[in-house]
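The next block holds one structure in the form of structure tokens; read it before the comments.
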Amino acid sequence: MLKTLQGLLAALRPAPAGVPGGGDDDEHLLQLATAVMLVEVMRSDATLHDSERQAVLAALRDKFQLTADEAGVLAELAETTAHAATDLYAFTSRINERFDMAQKLRMIEHMWRVAYADGHLGAHERHVMWRIADLLHVPRGAYHHARLRVQPGAVPD
């Protein structure tokens, strides 16, 4: 597992100019980057709840059409990676390269679901959400609408 983690972390570093991407590796790294963002929201809560972990797993299954086992392995790797990370830029830059705005907004919605999963939204969770959305260049209005679409008790459009 450690060798896999080291390889993935090394791969998250930008490639030298002129070196093409690696196909499946690029997809796996995009999945890891997305999973790390979801885990960061989960970790931002003072108390880790199983409902938040389940929301992360559901988001990964939905976003990448993963099986429950695949989502579980990815979430574990994302937790380890998030714990070792010193910043979010390596992850958000990969997402910015590959996701269009609609995909980013869908991801923000999943992140809000993780934040709301325990029935309580803390100030630190809101801050982490805002910081990630800012790094993903999501406009403020779109960010707030994504929150309203998934907020518990909200009436869907």
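Each value in this text was obtained by applying a stated rule to the coordinates, not by laboratory testing. Since the model is a prediction, treat every value here as computed from it, not as a measurement. A quick note on method: Cβ atoms are made from the backbone with ideal geometry, for glycine too, and the neighbour counts reach across all protein chains shown.
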Gain in span if fully extended, Ala68 to Thr86, counting 0.36 nm per residue against the direct Cα distance: 3.6 nm
3J(HN,Hα) from dihedral phi, the range 88-95, Karplus parametrisation 6.51/-1.76/1.60, rounded to Hz, x for glycine, proline: 9, 4, 4, 7, 5, 5, 5, 5
The range 106-121 - phi-based ³J(HN,Hα) in whole Hz, Karplus 6.51/-1.76/1.60, Gly and Pro as x: 4, 5, 4, 4, 4, 5, 5, 4, 5, 4, 8, 4, 8, x, 9, 10
Relative contact order for the range 24-150, counting Cα pairs under 8 Å that sit 6 or more residues apart, in percent: 36
By average C-beta atoms within 10 angstrom, highest first, the peptides 36-42, 73-79: 36-42, 73-79
In nm, spacing of pseudo-spin labels at His127 and Leu148 (7 Å Cα→C-beta vector): 2.7
